[in-house]
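One structure is given here, and the rest of the page talks about it.
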Amino acid sequence: MSTPTTDDSLGGTPLPIGWAAPAHQPSDDPLTEATLTVRMQEGLARPFQREAIANATDHTIVAMEQRFAGTAHDELREQGRKIRATAIANLPDYLEQWLAQADANGTTVHFAANDGEARQIVADICLEHDVSRVVKSKSMASEEVSLNSALENVGIDVVETDLGEFVVQAMGDRPSHVIAPILHRTRGEVREQFSKMAGEELPDDPAALTGFAREGLRHAFLTADAGISGGNFLVADTGEIVMVTNEGNGRLTTSLPRIHIALVGIEKLIPRRTDLAVLLPLLTGHGTGQLITTYVSVVAGPRRADEPDGPEQTHVVLLDSGRSGLLGGPFEEALHCIRCGACQNICPVYRQVGGHAYGWVYGGPIGAVLTPLFRGQKDGGELSHATTLCGACDDVCPVKIPLHDLLLGLRQRRVAEGCVGWGERATFAVWGQVWSRPLLYRASTAVARGSLRVLAKDGVVSRRLPGLSKWTAGRDLLLGRRR
Amino acid sequence: MTDRAAFLATLRATPRGKNPGLPDRSSTPDAPTELRAGEDPIGRFQRETEATSASMSRVTRDTVGVAVVAALHAAGAQRVALTTDLGPHLEAVRSACWAAGLEVADYADVAPQRRQAAALDATVTGCLAAVAATGSIVTSAAAGRAGALIAPTHVCVVREDQLLPGLHALLSGDVLSAAGSLFALQSGPSRSADIEKTLILGVHGPGRVDVLFVELER
């Protein structure tokens, strides 16, 4: 074997200095910087985004339906629900079982009660082991805790290696979909960004653009001291971390650098390795319509003595950050989520406004549930109203989370906690009284019918309802034909 | 920082939710990742492998070496590494590559230098098992964590007796006990559709995957 080991003739091209926008600081928070209404208007003002979301998600939904045709799909979802519900109902037991196995396979485990601890723990591991560059594979947990800024603040170079996340990092953007981070970006925007980084005009061709990213990321993989990943599942009976990717960056991240750090929410536990035979087809089938993703990597600790490659150390940082507070309560089922994104794809609200409108890390119905639960009613509570309660999310959820009930429960909690103004409460109190009496109900609908006819123009009531102009600004009422 | 005892104590202090019980571990789920009743495993494996944009050729014990060289030539590969999970085919593959004038190394010798490993044109590996219903090969850390995806081309030799029907058989059997610190299902070339949903192969892992399926002598 010839051994040309001179720098940079092999394995990629270094990324230009200053290629990445500075990471968002934990204090830099769109959820509190703009109201839900403003964020939604921004989303509505991006017609490309609406079209892109429609194209991508329609394709995914059709692919999902075809994937499960001829199988007992509902029975599989029911098994998935049981596995997730049992795991969460017995979380302390399964966590202890996982810990015993992880200890045995040589994994070092850390415990982060909140976002700040997670940032500190990861930064400390890096500093203690002289890490100057980390490569990351996609991790929603790291988005939750704003991990990148914590590492950059102590002088560590961070490189996102998922293609979409790489674009997000270069642009200083935020991901807008749980599995398709740059669904809201056009090819032209990616080309412009990459051309700036390359110092030359790159062709308008996804293959060429991907090739450019690959070269820079290859170099990062070959020079990184640590790799940071998330985890799709933690398997209690084997102590393993399961990672599901299509690009292969997950495995390179956790195999090439000398240290692997996985930041994983505690709710990712599943009881048994065999449960993956149910959960993997649900995750990939509902997520992308794929039979299986290209890579499913299952890690059980660092490299062993007789193995040719792999990291010297494997660290797992277990993240609580609001999860334990949901156990045993009315919103526990939110922890069953396996982050496939199907509820996002099908949600009529998400499809119009896009992921950024949700203001935090998770979009769509599950985002409207998790954000107020993890971030509090004060910052995230409005989101439970960012839904039509149509129930499409319940029907598509691979593990049958009753998202619609959770959203309704969050609305009720919001009212109970006094987050809703007196005007709105009084209106609904009167409405409730009127509509629970048949005579008044009939009278009210007759009045409504009559007034709509007066207000309508060409069969459409648009921005003309007195006192409801905010509500009608984004909605048209179509009058039905008189029977 | 929170220590283990305090972290667990917080969890232990929470009320317990409803516990529906787990599905029976021994029964195969009715999922797309399992074979249908009476389905031919080899035919399904070939179909699913090709559906991922990988190729699959059927070879015999005696033609493995020739087939590996043909695949490497087709990919234009010169620098090649072999992993130990080629097992009974390792020496035949090595001599065929030598005879064809390729630069051949053992992956275990190359792996410690990441840059050398990344300069490979191709890796030729065996596998721990293969899964018919998903068109997947199962690789393991015992043969190398990154060996099957570090180079632009991956040639994988699968023996017929390694083929399992579906995901459940893989996960519930004992074949994974030999995996070491990692096992992975790999199904076709590396792919991304992040840029306007346009499918691109070879993003980080190989853009080209050739599966050579060694049929049993009958």
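Since every read-out is calculated from the coordinates, none of them should be taken as a lab result. Note that the coordinates shown come from a computational prediction; the quantities given were computed from them, not determined experimentally. Every residue, glycine as well, gets a Cβ built from its backbone with ideal geometry; the counts of neighbours run over all protein chains shown.
A few remarks follow.
- Charge-dipole axis of chain A as Lys and Arg at +1 and Asp and Glu at -1 on Cβ define it, positive-most pick from A:M171, A:A473, A:I346: A:A473
- Dividing the mean sequence gap of close Cα pairs (under 8 Å, 6+ apart) by how many residues the stretch A:432-478 holds gives a relative contact order of 23 percent.
- With θ taken as phi - 60° and the Karplus curve 6.51 cos²θ - 1.76 cosθ + 1.60 applied, the whole-hertz 3J(HN,Hα) list for the stretch B:56-63 is 9, 10, 8, 10, 10, 3, 7, 9 Hz, x standing for glycine and proline.
- Here chain A is scanned for GluC sites (Glu not before Pro) in DSSP loops (not H, G, I, E, B) that have at most 12 other Cβ atoms within 10 Å, and the longest stretch holding none of them is A:1-199.
- Shielding score for A:68-80, defined as the mean number of other chain Cβ atoms within 10 Å: 3
- Rounded to the nearest 10 degrees, the angle from helix A:438-455 to the longest Cα principal axis of chain A is 80 degrees.
- The angle between the Cα long axis of helix B:64-75 and the longest principal axis of the Cα atoms of chain B comes to about 90 degrees, rounded to the nearest 10.
- In the stretch A:77-319, the DSSP beta bridges split such that about 25 percent are antiparallel, to the nearest 5.
- Restricting the calculation to Cα atoms, every distinct pair contributes to the Kirkwood radius of the protein assembly as shown, found to be 26.6 Å.
- Separation of the stretch A:310-342 and the stretch A:364-393, taken as the distance between their Cα centroids, equals 18 angstrom.
- Taken about its Cα centre, the stretch B:39-214 carries a charge dipole of about 320 debye when Lys and Arg each add +1 at the Cβ and Asp and Glu each add -1 at the Cβ.
- Beta-bridge orientation, the stretch B:44-148: approximately 30 percent antiparallel, per DSSP, counting only bridges with both partners inside.
- DSSP beta bridge pairing in the stretch B:39-214, given as percent antiparallel to the nearest 5: 25 percent
- For the listed peptides A:302-310, B:5-13, a ranking on the average number of other beta carbons within 10 Å per residue, highest first, reads A:302-310, B:5-13.
- Radius 10 Å from Cβ of A:H73, net charge of other residues (Lys, Arg +1; Asp, Glu -1): -3
- Charge sum, other residues only, whose C-beta stays under 15 Å from A:I125's C-beta, Lys/Arg counted +1 and Asp/Glu -1: -2
- Neighbourhood net charge (14 Å Cβ-Cβ; Lys/Arg +1, Asp/Glu -1) for A:T32: -2
- Tilt relative to chain B, helix B:90-99 - C-alpha long axis, 0 to 90 degrees, to 10: 40 degrees
- Chain A, relative contact order in percent, only Cα pairs under 8 angstrom and at least six apart counted: 20 percent
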